[in-house]
Amino acid sequence: MNEVLKRFEQLGIIPVVKIDDAKDAAPLAKALCEGGLPVAEVTFRTAAAEEAIRNMVEACPDMFVGAGTVLTTEQVDRAIAAGCKFIVSPGLNPKIVKYCTEKGIPITPGTSSPTDIEQAIELGLEAVKFFPAEASGGLAKIKAMAAPYVNMRFMPTGGINEKNLTSYLDFPKILACGGSWMVSDALINAGKFDEIKKLTREAVNTMLGFELKHVGINATSEEEADGVATSFEKLFGFAKNVGSSSVFAGSAIEVMKTPYLGAHGHIAIQTNYIERAIFHMELQGFEFDMDTAKYKDGKMVAVYLKGELGGFAVHLLQKK
């Protein structure tokens, strides 16, 4: 998988933006970055698109800015000149795909049928846009089409929102979802960039789905661990379950038989997508101790953050 597709997968959500006035591009870029999504697909639906891309790149040099609704080779050239890092088109035009390949710019063309996908394979593509997603049959159609094309990945766009986002992302053949619910034309034109930042952060949190799984308490011995768990059982009816290294009281309290990470213990937070969560948390400056990572069937299922919060180590768990 090329680096652009890897970045799509890490980000999970690709905001699709239509900018009518290029002056809005820089504050929009900052709102998206501060909201946790340093990425934008700027559509060539307006005359301001090229300048908007340039303004975004200048305002936020590390932002992953691409051009969407690209229909001509001339638009490809303008997008590249403005500093875009990827191209997205609503349909699959072999001429445009070949031109982008010759220019060395990654392209994700739109598809909605097996014929489109076979054309994409013939053109050497690893991933395609699925557009318009909901109107073309949604997740059910993607799953049906993905079955015979085992190596193809999809980026659905069109009708994706906070309510159906994770149902799409749960399907492993989907790299990311394009969406505009956090960057509507109305919000951009009204200059409501604080609202866009808020909605962007909510979108990321919805995607990652963080929830408290359990709190771990460090005990000094097996006897102490059993006693603490027994107390929780008597107090609250949390059934005790003795394991090899700890004793659980219900599912929310784990008492370690010997001290582990954290001065007081640890806090386990579960997430929908652990590797995507790591990427987004690292964007905020947090670090992970990858030596603590645990895997099952080749996939990461747990990992600890470096350091402590309030005397507790914190680790992520992949939801089942």
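The values are calculated or read from the model by the stated rules, or taken from the named source; none is laboratory data. Predicted model only: the values in this text are computed from it and were never measured. Virtual Cβ from ideal backbone geometry, glycine too; neighbours counted across all protein chains shown. Side chains are part of the model used for accessible areas, which takes the heavy atoms of the whole protein and leaves out ligands, DNA and RNA. Shrake-Rupley method; radii C 1.70, N 1.55, O 1.52, S 1.80 Å.
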When residues of the range 143-161 are limited to those that are part of a strand (DSSP E or B) and among the hydrophobic types (A, V, I, L, M, F, W, C), the one nearest to S89 (Cα to Cα)
M155
Taking I96 as the residue in question, decide whether it is crowded, with 16+ Cβ neighbours inside 10 Å and β-branched (V, I, T).
yes
Report whether or not A40 is over 16 Å from I87 (Cα atoms) and either touching a helix residue (DSSP H, G or I) at 6+ places or on another chain (Cβ under 8 Å) or not in a helix (DSSP H, G or I) (or both).
no
Return yes when I87 is touching a residue at least 60 places away in the same chain (Cβ under 8 Å), touching a helix residue (DSSP H, G or I) at 6+ places or on another chain (Cβ under 6 Å) and surrounded by 24 or more Cβ atoms within 10 Å (Cβ to Cβ) and no when it is not.
no
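Residue by residue, here is whether (1) in contact with an Asp or Glu (Cβ under 7 Å, 6 or more places away or on another chain); (2) within 23 Å of G311 (Cβ to Cβ) holds:
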{"site": "E224", "(1), (2)": "no, yes"}
{"site": "V228", "(1), (2)": "no, yes"}
{"site": "G237", "(1), (2)": "no, no"}
{"site": "K240", "(1), (2)": "yes, no"}
{"site": "V247", "(1), (2)": "yes, yes"}
{"site": "A252", "(1), (2)": "no, yes"}
Lone qualifier among V76, V70, V97 - being under 17 Å from E126 (Cα atoms) and either out of contact with any helix residue (DSSP H, G or I) (no Cβ under 9 Å at 6 or more places or on another chain) or not polar (S, T, N, Q) (or both):
V97
Just to be sure, is I96 free of Cβ contacts under 8 Å to residues at least 60 places away in the same chain, within 30 Å of E74 (Cβ to Cβ) and of a type in the set (A, V, I, L, M)?
yes
Tally the residues that are surrounded by fewer than 18 Cβ atoms within 10 Å (Cβ to Cβ) and over 22 Å from E34 (Cβ atoms), restricting the search to the range 270-282.
1
Does R45 qualify as being open to solvent by 10 Å² or more (accessible area, probe 1.4 Å), in contact (Cβ under 8 Å) with a residue 24 or more places away in the chain, touching a Lys or Arg at 6+ places or on another chain (Cβ under 8 Å) and more than 18 Å from L283 (Cβ to Cβ)?
yes
Across the range 205-240, the tally of residues that are in contact with a helix residue (DSSP H, G or I) (Cβ under 8 Å, 6 or more places away or on another chain), open to solvent by 50 Å² or more (accessible area, probe 1.4 Å) and over 30 Å from H280 (Cβ atoms) stands at 3
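Residues are listed down the side, and each one gets a yes or a no for (1) charged (D, E, K, R); (2) farther than 18 Å from R276 by Cβ; (3) touching a strand residue (DSSP E or B) at 6+ places or on another chain (Cβ under 9 Å); (4) open to solvent by 10 Å² or more (accessible area, probe 1.4 Å):
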site	(1), (2), (3), (4)
G124	no, yes, no, yes
F130	no, yes, yes, no
G158	no, yes, yes, yes
I174	no, no, yes, no
G178	no, no, yes, no
